[in-house]
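Here's a structure for you.
The values are calculated or read from the model by the stated rules, or taken from the named source; none is laboratory data. On a predicted model such as this, the values are computed, not experimentally measured, just so you know. All Cβ positions, glycine included, derive from the backbone under ideal geometry; neighbour counts span all protein chains shown. The area values use the complete protein model at the heavy-atom level, side chains included, leaving out ligands, DNA and RNA. Shrake-Rupley method; radii C 1.70, N 1.55, O 1.52, S 1.80 Å.
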Amino acid sequence: MLHSVTLRGPTVLDCEARATDVSEAGCRVSVPIKILAGSYVEVSFTSSINAQGWVAWSKNGVIGVHFAVPMAPRVVAQLTDIEI
């Protein structure tokens, strides 16, 4: 499922992006800007669902975010019901 998200962090200011493959451990995000592996980011899925973590990898406008704290299974399940 594809989710509209907002990324922000010390080196990223409110970047609109698309997240897929959301799991308890992380997600894949298509981004319009270059974000380096190792960057700390916050992924805002909704106004009440946010996750923080580090960019594990970055290639061709897509990054993998590893969440600092695993997302609760019920939250992941809730996100599977939200489409853009």
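Looking only at strands (runs of 3 or more DSSP E) that fall completely inside the chain, which ones have 3 or more residues that are in contact (Cβ under 8 Å) with a residue 12 or more places away in the chain and touching a Ser or Thr at 6+ places or on another chain (Cβ under 7 Å)?
3-9, 12-20
Among the residues of the range 55-72, which ones are surrounded by fewer than 17 Cβ atoms within 10 Å (Cβ to Cβ) and either within 12 Å of the chain's Cα centre (by Cα) or modelled with pLDDT under 95 (or both)?
Answer for the range 55-72, where residues must be surrounded by fewer than 17 Cβ atoms within 10 Å (Cβ to Cβ) and either within 12 Å of the chain's Cα centre (by Cα) or modelled with pLDDT under 95 (or both): A56, V62, H66, A68.
Starting from residues that are over 11 Å from V5 (Cβ atoms) and β-branched (V, I, T), keep the ones in the range 19-54 and report whichever is most open to solvent (accessible area, probe 1.4 Å).
I33
Restricting to the range 5-18, name every residue that is closer than 24 Å to T80 by Cα and open to solvent by less than 70 Å² (accessible area, probe 1.4 Å).
Of everything in the range 5-18, those that are closer than 24 Å to T80 by Cα and open to solvent by less than 70 Å² (accessible area, probe 1.4 Å) turn out to be V5, T6, L7, C15, A17.
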